[in-house]
Amino acid sequence: MLKSLQLKKHAMTGISYMLPLVVASGLLIAIGNLAGGNPSLISDYKSSYNVWQAAVSLGVFGMGLLPSVMGAAIAYSIADRPGIAPGLLMGMVANAMGAGFLGGMLGGYLAGYFVNYLKKVIVVPKWAQGLLPMMIIPLISSVVIGLVMFFVIGRPIAAASAALTNMLNNMQGGSKAVFGAIMGAMAAFDFGGPVNKVASLFADGLLLQGVYGPEAIKICASMIPPFGVTLSWLIRRSRYTKGESDNIKIAFPMGICMITEGVIPIAAVDPLRVIFSCSFGAAVGGALIMLLNVGSPVPSGGMFIVPAMQNPIGFLVALGVGSVITAILLVALKKDAKEKIYEEEEEEEQVDLSGIEIK
């Protein structure tokens, strides 16, 4: 149990370091494509290019760095600074071999734990101890884990990533809807918790392979719970206490920014009905995202990045339908709230101050 928690902690560190790069790169690509009409990438410094080509090129370069950043951050989380160089190199190997995001993650874990192993077993003279973290350990770990990546695990991961990408690209009709529904339900199930993180990690990995639909599902499913709960409150306010109503007023603007956690106080009061309603609505929204061929090159940003999406109208349709379904289910399933009023009678004691003398 403790080991799994540590693995999750290292993965979350990698995601937190990677996310700003993902957002910046995705926005650069989206802005360049919107304003410049899908410009070509800059090939070399000798050719002429414009601002939009530069923006898209920067974004593409940034996306190419994601496996390296992920690998370096995970290795750093495990082994501190000696893990950065081998983790970075394993991410570059993963990117070059087509193993992508998953390869960068696995390379980061292997590099980090191997560096920790080397710290325990390598013994050097006192005069060479300063070289351990700077040269000896990074060099040995880079060589050993690099060879493992090149000759053992790189190709199978690359083949699996390619197969998954092809499968998603070739999905049609019902299979697309089922995939979207499952992923949408996962993204909304625990309002930013571990299940949501699994769906998010999966979507981020596919983003690097040029598959944008799962990112759109993640964004839509993260916004449906706060929007659906708010709509149900507008329809039937009697379903919520004053405290819940105050939380909803906070959850809605958070939802606009794709922050789902604002729904947690409402779900805590009535978890079964709220979780079911939000997950069902998000599943419908996710299915519509896939059927309408909506895609997002940017992994977060809420309503602010909708213009940068592929088929933004389709996204708004999916978001609206999912939110309405969530609201209808909440109104139908929840019962009117009963305010708990506590009346406390406080008796004030009469204090006799006549015996106090001030000298």
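The values are calculated or read from the model by the stated rules, or taken from the named source; none is laboratory data. Since this is a predicted model, take the numbers as computed values, not measurements. Neighbour counts run over all protein chains shown; Cβ positions are idealised from the backbone, glycine included. Side chains are part of the model used for accessible areas, which takes the heavy atoms of the whole protein and leaves out ligands, DNA and RNA. Shrake-Rupley method; radii C 1.70, N 1.55, O 1.52, S 1.80 Å.
Pull out a ≥ b ≥ c, the square roots of the eigenvalues of the alpha-carbon gyration tensor of region 49-147, then state rounded if a/c is under 1.5, prolate if not and a/b is larger than b/c, and oblate in the remaining case. Since a/c reaches 1.5 and a/b is larger than b/c, the shape of region 49-147 is classed as prolate. Would you mind checking 8/176; 249/335; 176/334; 242/334; 9/249 for any pair whose Cα atoms are more than 22 angstrom apart? Pairs exceeding the cut-off: 8/176; 176/334; 9/249.
Nearest 0.05, what FRET efficiency do residue 293 and residue 16 give at R0 = 30 Å with Cβ-Cβ as r? Here the calculated transfer efficiency is 0.45. Working ranking of peptides 293-304, 118-129, 50-61, 91-102 by packing, defined as the average number of other Cβ atoms within 10 Å per residue, highest first, is 91-102, 293-304, 50-61, 118-129. Estimated at 0.36 nm per residue, the fully extended path between residue 269 and residue 120 surpasses their Cα-Cα distance by 48.7 nm. Here is what passes the span test in the chain: the DSSP H helices with alpha carbon length of 27 Å or more along the helix axis and a Kyte-Doolittle mean of 0.0 or above are 2-36, 51-79, 100-121, 213-235, 271-291, 312-333. Between region 293-328 and region 6-67, what's the alpha-carbon centroid distance in Å? Cα centroid of region 293-328 versus Cα centroid of region 6-67: 21 Å apart.
Note down the net charge around residue 277, summing +1 for each Lys or Arg and -1 for each Asp or Glu among other residues with Cβ under 15 Å from its Cβ. Here the count lands on +2.
For the chain, carbon and sulfur atoms together expose 67% of the accessible surface, with a 1.4 angstrom probe and every protein chain in place.
For the chain, a crude dipole built from +1 on the beta carbon of Lys and Arg and -1 on the beta carbon of Asp and Glu, taken about the Cα centre, is about 1760 debye to the nearest 20. Between residue 134 and residue 81, the contour length at 0.36 nm per residue exceeds the alpha carbon distance by 18.2 nm. Note that the chain shows a convex hull volume over its alpha carbon atoms of 283 Å³ per residue. Model label sites at residue 238 and residue 152, defined 7 Å from Cα along the beta-carbon direction, differ in position by 6.6 nm. Taken per residue, the accessible surface of the chain reaches 52 Å², heavy atoms only and a 1.4 Å probe. Across region 1-123, the relative contact order, built from alpha-carbon pairs under 8 Å that are at least six residues apart, equals 23 percent. Once both labels are positioned 7 Å from their Cα atoms along Cα-to-Cβ, the gap between residue 7 and residue 256 label points is 4.1 nm.
Between residue 159 and residue 198, the modelled labels are 2.6 nm apart [label points 7 Å from Cα along Cα→Cβ].
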